[in-house]
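Asks: Following this message is one structure expressed as structure tokens.
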Amino acid sequence: MRRGGGATGVDDCDVGVMCWNLNEDGVGTCVALCTGTPENPSCEPDATYCALTSIGALNLCLPGCSP
């Protein structure tokens, strides 16, 4: 769960993960941060890809979608 405003970065997830996909009550899912380097980011095998956004400020291991 995220604590404070959306830009605080404070949540109750473990170190190395971030609260993501929040609902209206501020409850979300703890998602792993990418590891590696900006040139060669990596994620655990269960994640599909490392999503790098905002010039590297947000680096999450997210599942892909299969439309």
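Asks: Using packing as a proxy for protection, rank 11-20, 27-36 so that the peptide with the highest average count of other Cβ atoms within 10 Å comes first.
Replies: Values: 11-20: 13.8, 27-36: 15.4.
Put in order of decreasing packing, that is 27-36, 11-20.
Asks: Still on this structure, please answer the following. Just to be sure I understand the model, the point goes 7 Å from the Cα along the line to the Cβ. What's the resulting residue 52 to residue 14 distance in nm?
Replies: 2.5 nm
Values quoted throughout were computed directly from the atomic coordinates according to the rules given, and no laboratory measurement underlies them. These figures come from a predicted structure and were not determined experimentally. As a convention, Cβ positions derive from the backbone with ideal geometry for all residues, glycine included, and neighbour counts pool all protein chains shown.
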